[in-house]
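Please read the structure below before turning to the comments.
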Amino acid sequence: MAKPLVAVVGRPNVGKSTLFNAIVNKRISIVEDIPGVTRDRIYFDAEWLNREFTMIDTGGIEFITDNSHVIPKMMRLQAELAIEEADVILFVVDGKQGIVPADEEVANILRASGKPVVLVVNKIDSVNQEPNIYEFYNLGLGDPIGISAKNLMNLGDLLDDTVKHFPPVGTNVDDEDTIHVAVIGRPNVGKSSLTNALLGQDRVIVSDVAGTTRDSIDTYWTQKKKKFVL
Ligand code: GDP
Ligand code: MG
């Protein structure tokens, strides 16, 4: 399994890039910085509480525009990308501006997806602005967390919340040396039996009812000091 992917979604100007930079500076060790398609940082690898993960700024993928008509469409695309790819979605909204219609639209899409979402209310620059976060309960995405990317406030809490949604440790035993093997074939040709034979134990359900193995199953095993995922 690859590192958990955290996608940052939100309208232009809510502070996504500032949040990225803040996380970088706060360190959390940056392992890698893959150049993206815009001047913004798009992907980076990070670590928090010994959990490695990759962050993606879906806003960095946007086509540069000042035309407000295309924003909702763009955000929908970002949200869909995040839903498809990410383990956790950070939905960033603007605590100074409050809820705008595009926020509601994206919230609906994210809520329907069932993906873990952390609702991040940015631009809460001081304690007395904290009441601004309450209106965001109306988005129906659970407890909003107020941060200030600019003033580096509450980023630790945000990351704590984020890593809580990661798959359990131990499911992430992959590294670059792991060899991934896919077993494919028509139903009932013996894929599961072959898998079990390789593993030497009954890990995969075998039955002569075609199609019993409904999901692809990642099974980890080590042989001659080599790591495999079958
Ligand atoms: P993005 O379009 O979502 O990536 O937003 P940017 O990170 O480029 O930030 C947009 C604007 O919001 C910039 O002028 C930032 O300085 C400002 N900004 C970002 N974070 C904060 C914050 O925590 N507080 C305040 N007051 N302004 C912020
Ligand atoms: Mg940006």
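Observations on the structure shown:
- Considering residues of the range 68-100 that are more than 25 Å from Val163 (Cβ to Cβ) and open to solvent by 90 Å² or more (accessible area, probe 1.4 Å) only, the residue modelled with the lowest pLDDT: His69
- Taking first residues from the range 134-163 that are under 16 Å from Val8 (Cα atoms) and partners that are open to solvent by 20 Å² or more (accessible area, probe 1.4 Å) and within 16 Å of ligand 2 (Cβ to nearest atom), the Cβ contacts under 7 Å between residues at least 6 apart in sequence or on separate chains come to Ser148/Lys123; Ala149/Thr18.
- Summed over the range 101-125, residues that are closer than 22 Å to Asn154 by Cβ, outside any strand (DSSP E or B) and open to solvent by 20 Å² or more (accessible area, probe 1.4 Å) total 3.
- Test: Asn128 is within 16 Å of ligand 1 (Cβ to nearest atom) and loosely packed, with under 12 Cβ neighbours inside 10 Å: yes
- Search result, residues across the range 1-48 that are modelled with pLDDT under 80 and near ligand 1 (Cβ under 8 Å from one of its atoms): Asn21, Asp40
- Any hit, the range 115-137, residues being within 16 Å of ligand 2 (Cβ to nearest atom), at pLDDT 85 or above and touching a Leu at 6+ places or on another chain (Cβ under 7 Å): yes
- With respect to the conditions (1) open to solvent by 50 Å² or more (accessible area, probe 1.4 Å); (2) within 12 Å of ligand 1 (Cβ to nearest atom); (3) modelled with pLDDT under 55; (4) not aromatic (Phe, Trp, Tyr), Ile61 falls short on a single one, namely (3).
- Checked against (1) under 19 Å from the mean Cα position of the chain (by Cα); (2) under 22 Å from Trp48 (Cβ atoms), Ile124 passes all but a single condition, namely (1).
The values are calculated or read from the model by the stated rules, or taken from the named source; none is laboratory data. Remember, predicted model here, so these are calculated numbers, not experimental data. Every residue, glycine as well, gets a Cβ built from its backbone with ideal geometry; the counts of neighbours run over all protein chains shown. Surface accessibility is based on the protein's heavy atoms, side chains included, excluding ligands, DNA and RNA. Shrake-Rupley method; radii C 1.70, N 1.55, O 1.52, S 1.80 Å.
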